[in-house]
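Comments concern the structure below.
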C-alpha cells in the first residue's frame with residue numbers, strides 16, 4: 001500500500017506517494033532521479049548508498065522511506081552550493097581519489113560526517129570512519145589523503 005510521505009531532500013521538500021517500506025535508496029534514485037547514492041550490496045555493508053539523515057551518515061538501501069519522513073536527507077548532489085563544490089568533493093578531485101568511482105558517494109558522504117565530528121581527524125579516526133566503505137580499486141591511500149586535504153579546505157573556509 002502506498003502512502004503520502006513527506007521528505008526533505010537536499011533542502012527541498014517533496015511529497016511522494018510511495019510504499020512506506022520501500023528502501024530510501026530506491027526512492028532517491030528512481031523517484032527523485034538522484035544518482036549519487038549507488039546500489040552496491042543491498043545489505044548496508046558496502047557504503048555505496050550512504051546519505052546523511054539529519055547530518056548523520058546512514059545506509060539508504062536498508063532504511064524504509066517511512067522511517068525518514070520529515071527528516072533532512074542530504075545526498076552527494078546536495079553537498080555542493082550552486083556551482084561551488086563542497087570542500088570534501090574538491091579534496092577528492094585534488095587528490096585524485098578515484099578510479100572507477102563507484103565507492104566515491106559513500107566515501108565522500110562519510111567524510112563529510114567524519115569532519116562534522118572531528119574537524120581535524122587523525123589518520124586512525126579517518127581509517128575507522130571509512131572502514132565500512134568498500135573500495136575494490138585500491139585507492140585507499142588517495143582517499144585518506146583526500147580526507148586530510150578536505151580538513152584543510154574546511155578550516156580555510158571557516
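We did not get these values from a lab; they are worked out from the coordinates using the rules stated. Given the structure is predicted, the values throughout are model-derived calculations rather than measurements. Counting neighbours? That spans all protein chains shown, and the Cβs are built from the backbone with ideal geometry, glycine included.
How tilted is helix 140-157 with respect to the longest principal axis of the chain? Cα atoms for both, answer in degrees (0 to 90, nearest 10).
The two axes meet at around 90 degrees.
Per the helix-only calculation at 222 nm, which mean residue ellipticity applies to the chain, given -39500 (n - 2.57) for every DSSP H run of n ≥ 4 and division by its residues, nearest 500 deg cm²/dmol?
Helix contribution divided over all residues of the chain: -9500 deg cm²/dmol.
Using label points projected 7 Å from each Cα along Cα→Cβ, tell me how many nm separate residue 116 and residue 131, to one decimal.
Those two pseudo-labels are separated by 2.1 nm.
Mind pulling the angle between the C-alpha long axis of helix 104-117 and the longest principal axis of the chain? Nearest 10 degrees, somewhere in 0 to 90.
That works out to roughly 80 degrees.
In whole Å, what three semi-axes, largest first, describe the equivalent ellipsoid of the stretch 2-78 built from its Cα gyration tensor (square root of 5 times each eigenvalue)?
Listed largest to smallest, the semi-axes of the stretch 2-78 are 17, 14, 11 Å.
Over the chain, what is the relative contact order in whole percent, taking alpha-carbon pairs under 8 Å and six or more residues apart?
Once divided by the residue count of the chain, the mean separation gives 23 percent.
Multiply the residue separation of residue 6 and residue 140 by 0.36 nm, subtract the distance between their alpha-carbon atoms, and state the gained length in nm to one decimal.
44.5 nm
Would you kindly give the portion of the calculated P(r) for the chain that falls above 29 Å, as a percent of all Cα pairs?
16 percent
Kindly state, to the nearest 0.05, the FRET efficiency for residue 156 paired with residue 15, given R0 = 30 Å and r defined as their beta-carbon distance.
It comes out at approximately 0.20.
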